[in-house]
Amino acid sequence: MNKNQKSFDDKTHFWGKIWIWSAVVVVLCVPLSACLYYNAWPQGAAVLKGLLGVAPIYWTVGIIEIITYTPMLGTGGSYLAFVTGNLSALKAPCALTAMENAKVKPGSEEGEVISTIAIATSSIVTTVVIALGVILLAYLSPILDSAALKPAFDNILPALFGGLAVVYVSKNYKIAIAPLVFMVAIFLLVPSLASSVGILVPVGALISIGVARILYKKKMI
């Protein structure tokens, strides 16, 4: 790695850390400001009870995302994805698709540049769309709340991840069959687990890795 690249990485880490912690402070300032203004503070037991229900899922997913997506997104892309919100799961395919189209490898210097540009563009578009949505919300509410569009909004995430799945499953369907069958079976047998998707993500990942290893040893992939 040349001196210029090292200098670029050092600057990326420097500014990335500043913006990451700035985002943390801004997020915490919202509830803190409300508590100070209304002089209403939550009880410690109530906070702990709420955290016990959601924190394990978010902590698990957060750790998995860092380990999984950082090597794919690169230094700049990782900071951009995590600073602009919990959208790294959607921005990783965007970055990978851009690198694939440019015929560069993830982790290379070229991949770093392509990934950063792709995620920056995605972040800008996302921010603009959200801003327009907030500004036009009053005008769009009657349309968005209409009964005709309700089925579409109920299926946004399945449609989004379904479209992404088609692209990646088609590349190597043999690895995808086992975790797909497992997840479908477990959700059909225990529907209540639908609220614990975050915990089952590492389970699906481990199944995929195990199946990939077996198929690789048997020279089937």
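The values are calculated or read from the model by the stated rules, or taken from the named source; none is laboratory data. What you are looking at is a predicted structure, and each value in this text was computed from that prediction instead of being measured. Counting neighbours? That spans all protein chains shown, and the Cβs are built from the backbone with ideal geometry, glycine included. When the accessible area is computed, the model is the full protein with side chains, heavy atoms only, and any ligands, DNA or RNA have been set aside. Shrake-Rupley method; radii C 1.70, N 1.55, O 1.52, S 1.80 Å.
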Check your understanding: small (Gly, Ala, Ser), closer than 17 Å to Ser78 by Cβ and part of a helix (DSSP H, G or I) - does that describe any residue in the range 124-146?
Key -> no
Point to revise | Single condition Pro56 does not satisfy, out of (1) open to solvent by 30 Å² or more (accessible area, probe 1.4 Å); (2) at pLDDT 70 or above; (3) in a helix (DSSP H, G or I) | key: (2)
Exercise for review: Pick out the one residue from Ile124, Ile117 that is within 30 Å of Ala55 (Cα to Cα), open to solvent by 80 Å² or more (accessible area, probe 1.4 Å) and modelled with pLDDT of 80 or more.
Suggested key: Ile124
Point to revise | Among residues of the range 131-171, those that are within 26 Å of Ala98 (Cβ to Cβ) and at pLDDT below 80, counted | key: 16
Review point. Quick one: Ile67 ticks every box in (1) open to solvent by less than 40 Å² (accessible area, probe 1.4 Å); (2) under 16 Å from the mean Cα position of the chain (by Cα); (3) at pLDDT 75 or above bar one, so which box is it?
Key: (1)
